1. If H584 passes every condition in (1) in contact (Cβ under 8 Å) with a residue 12 or more places away in the chain; (2) open to solvent by less than 60 Å² (accessible area, probe 1.4 Å); (3) over 17 Å from Y542 (Cβ atoms) but one, which one does it miss?
2. Which of the residues belonging to the stretch 120-167 are in contact with a Lys or Arg (Cβ under 7 Å, 6 or more places away or on another chain), surrounded by 16 or more Cβ atoms within 10 Å (Cβ to Cβ) and hydroxyl-bearing (S, T, Y)?
3. State which residue pairs qualify: first residue at negative phi and inside the stretch 62-78, second residue in a helix (DSSP H, G or I) and among the aromatic types (F, W, Y) in any location, beta carbons under 7 Å apart, and separation of 6 or more residues or different chains.
4. Check the stretch 567-580 and report whether any residue there is open to solvent by 40 Å² or more (accessible area, probe 1.4 Å) and either assigned by TED's automatic domain parsing to the domain that holds F116 or among the basic types (K, R) (or both).
5. Write out, first by first residue and then by second, each pair whose Cβ atoms fall under 7 Å of each other, whose residues are 6+ apart or on separate chains, and whose first residue, in the stretch 237-248, is farther than 13 Å from N211 by Cα and not assigned by TED's automatic domain parsing to the domain that holds I150 while the second is part of a strand (DSSP E or B) and open to solvent by 10 Å² or more (accessible area, probe 1.4 Å).
6. Can you pull out every residue in the stretch 600-630 that is assigned to a loop (DSSP other than H, G, I, E, B) and either touching a residue at least 12 places away in the same chain (Cβ under 8 Å) or under 32 Å from the mean Cα position of the chain (by Cα) (or both)?
7. Taking the options S114, S201, name whichever one is among the hydroxyl-bearing types (S, T, Y), open to solvent by 40 Å² or more (accessible area, probe 1.4 Å) and over 28 Å from T296 (Cα atoms).
8. Go through R538, R560, R597 for me and flag whichever is touching a residue at least 60 places away in the same chain (Cβ under 8 Å), open to solvent by 30 Å² or more (accessible area, probe 1.4 Å), in a strand (DSSP E or B) and more than 29 Å from R183 (Cβ to Cβ).
Amino acid sequence: MQERRQQPRKKLTTRLLWHVVVVSVSILLLTLFITFWQTYPSAKQAVVERIQREVATKLTTNQYQLQAIERRGDLLAEEFLTRYQNLRYEQDLQSYFSDWFEETSPGVWRLKESLFTGVKAGDHYFKGMSVFVGPRPTPLTDELRARLVISVRTLNDLGPAWEGQVTNTHLSLPENALALYSREQAWGRLAAADLVMTDFSTLKSTLQSENPERAPNWTGLYKDHSGGFWTITYQRPVDLNGKHLVNASFDVSLAQLTQDLSRTVDADISNYVLNSQGALITSSTLSDALSEQRDTLTPENYDDPLYQKIAARLLTNPQSFKQEVWDDIDDDYLVLVQHLGTPDWWYFAVYPKELITSEALFLPMVIALIGSLLVLGVLLTTIIFVRHQVSIPLRRLASLAALMDEKNYDEIEKQSESEVRSYGEISQVLNAFRVMARRFVRTNFELEQRVAERTKELRKANRKLDELVHIDGLTGLLNRRAFQTDVANAIATADGSCYFVMADIDDFKPFNDNYGHEAGDRALIAFAKAFRELPESRAYRYGGEEFALLLQADSLAQARERLDELRQAIHNLGIEHHFGRRLHGILTVSFGVTRIRANELPSDLIKRADKQLYLVKQEGGDAVAFDVGD
C-alpha cells in the first residue's frame, strides 16, 4: 500500500524534473544563439571605438610634440639666417675656422674634439659640438668656411635648450657637411671619411633639384650607422637669394617614437605609421635585428606582409584616406586608419579579428554560466521541495492546530524540539531566530566596539598616510603635491613678505654621468638638509635636481642675505665635481627669486622665478638673481 502511494509521486517528480531540464536547456541555448549574433557587431564597434579613443588621445599629444619640433626648426632657421646676414663677411670667421677645424684626411674636415668635450674659445664656451665636412666636388671657399663657423656658434647657443626633447639638433649643408649638437655622441668625429650624405634620401630631399618648392619635410625611418641608431629627421631648408645655405634639422630616434606613436594601451594592438610615399615611419612590430641598409624602410626592402598590404592600398590615393576602418584588407586583422595633419602621415592600428570573436563570445559564455547555475539551482530546489515538503503530511498541521486549540504549549515545544529537528519545521526556524536575535544583540554591541576601535586606528593611519603623500621619498623634503597646495595658499594670503625661489643644481647631469646615480642621490640628500635648515622657509623637491622654496623675509635685502647663507652652506658641503663647466671643482646651486604677488596665477609666479634662474645659468651659475620687478 505504501509503495503504491509513493509510485505516482515518483512519476510526478520525474516528469516534473524532466520538464524543468528540457525547458531550461532549450531557453538557455536559444538565448546563447541570439546573444552571440547580436553582440558580435556591438563587440566589433566597441573595439573600434576603444582603439579610436586611444589613437585620438595618443595622436593629440604626438601632434603637439611634432608641431613643437617644426616650430623649433623655424626658430633655428631664422636665427642662423640672421647671423649669416650679419656676420658672413667678418674676417674673424676665417681665423675661427683655422683654430676650430682640422683636416683629418684629404678633403675631409672635422671640428676638433675639444669643442665636444668642452673648451672656452673667445667669449664662448663650447661643448657637445661636432662637424663633418665630407668629400665634395667644389673647393672649401671662404664663404663655406664662414657658414660652417656660424653654424657651430648657432647650434652651441640654441642646442642646449632642446636637449632631451629631440635626439640631435643639427644644421646640414648641401656641400656634404653637417654640424651637430649632442652631449651624447660626437657624430662628426665618427662619420666615415668617404660618406657622401647627399647620395642618400635624407639630405638629398632638401636639395633644390629634388625639392624645388623648398618645403620642410619629415623623412621615413632610416638607420644612422655612424650614430648607431634608427631615426626619422625633420628638415627645413634655408635659402638666401636663391642659394641653398643650410637645413635646420632635428633627429627623433626610434626609441622616442616607440615611446610615443608605437606605444599602445592594449598589448594586442599593433600599429604602423607611414608617410605619403608609403615609407615606414615607425611600428610596434619592428624587430631589434633590422636591415643594415642606410636608407628608408619601404615595402621593397622591409619584409612585413601586412605592412606591404597597407602601403599598397595607401598609395592608391593617399589623400582620400582620413579616418576609416579596413575590414577586408586581411582575413585575420581589422585595420583602423587615421590621417595625421602634422606631418603628412597615416596611423594604422591593427587588431586581430579572433579577439573580436572572443569578446563577442564573452557575454554568451557568461549567460551560459549563469543559466547553467540557474538550471542547477532550479533542479536542486525542486528535488528538495519534493522530498521535504510534498511528503510532509498535512496531519501534522492538524495535530499542531489541535494542540494550539488546547493551549498545550508544552507539547508544542516538545514537538518543536523533536520532530522539527528532523524535518526543519517553521517552529524550529522561529525558535532559532529567537536564539539568533539574542546572539545578534550581544554580537552587535561587540561589533560597535570593534568598529569604534578600527575607526580610531584608521584615522591615525590616514593622518600618517597624508604625511607620506606630501613627502619626497629620497630627500625627505615636501613634494610637488605639497608645493602646489602651499603656493596656492601663499598667493591667496600674499602680503609682500613671502618670496618664491627656484633652485637648480649646476651641471648635475655630468655629475650623475661621471660619479654615478648613487653619488647623485647622496648629493640631493645633502642639499635637501641644507635647504631644510634655512630659517623661516618651506623647502620642496620640485623635480629631478630642481628645488623650490617659500621664504619669509622682511625685505629684499634680508631674503638675499639668507639665500647667500644657503649658497655658502652648500659650498661648505664641498661635494667634488670636476666635470661641470665651472672651474671651482665643487657641486653648486643657482637660484632665481621673485616676490609672491596677490591673486596671480601660479604659472606666472613660476615663470618669473624660472626666468631669473635661466639668467643665472647663462652667467655661469652658482648665484642668486632677483626679479627686478620686485
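The values are calculated or read from the model by the stated rules, or taken from the named source; none is laboratory data. Because the structure is a prediction, the values reported are computed rather than measured. As a convention, Cβ positions derive from the backbone with ideal geometry for all residues, glycine included, and neighbour counts pool all protein chains shown. With ligands, DNA and RNA removed, areas are computed over all heavy atoms of the protein, side chains included. Shrake-Rupley method; radii C 1.70, N 1.55, O 1.52, S 1.80 Å.
1. Only one criterion in (1) in contact (Cβ under 8 Å) with a residue 12 or more places away in the chain; (2) open to solvent by less than 60 Å² (accessible area, probe 1.4 Å); (3) over 17 Å from Y542 (Cβ atoms) is unmet by H584, namely (2).
2. Within the stretch 120-167, S130, T154 meet the criteria.
3. Between residues of the stretch 62-78 that are at negative phi and residues that are in a helix (DSSP H, G or I) and among the aromatic types (F, W, Y), the close pairs are R72/W162.
4. Checked against the condition, which is being open to solvent by 40 Å² or more (accessible area, probe 1.4 Å) and either assigned by TED's automatic domain parsing to the domain that holds F116 or among the basic types (K, R) (or both), the stretch 567-580 yields at least one hit.
5. L245/D239; A248/R236
6. Scanning the stretch 600-630 gives E600, L601, G620, G621, D622, A623, D627, G629, D630.
7. S114
8. R538
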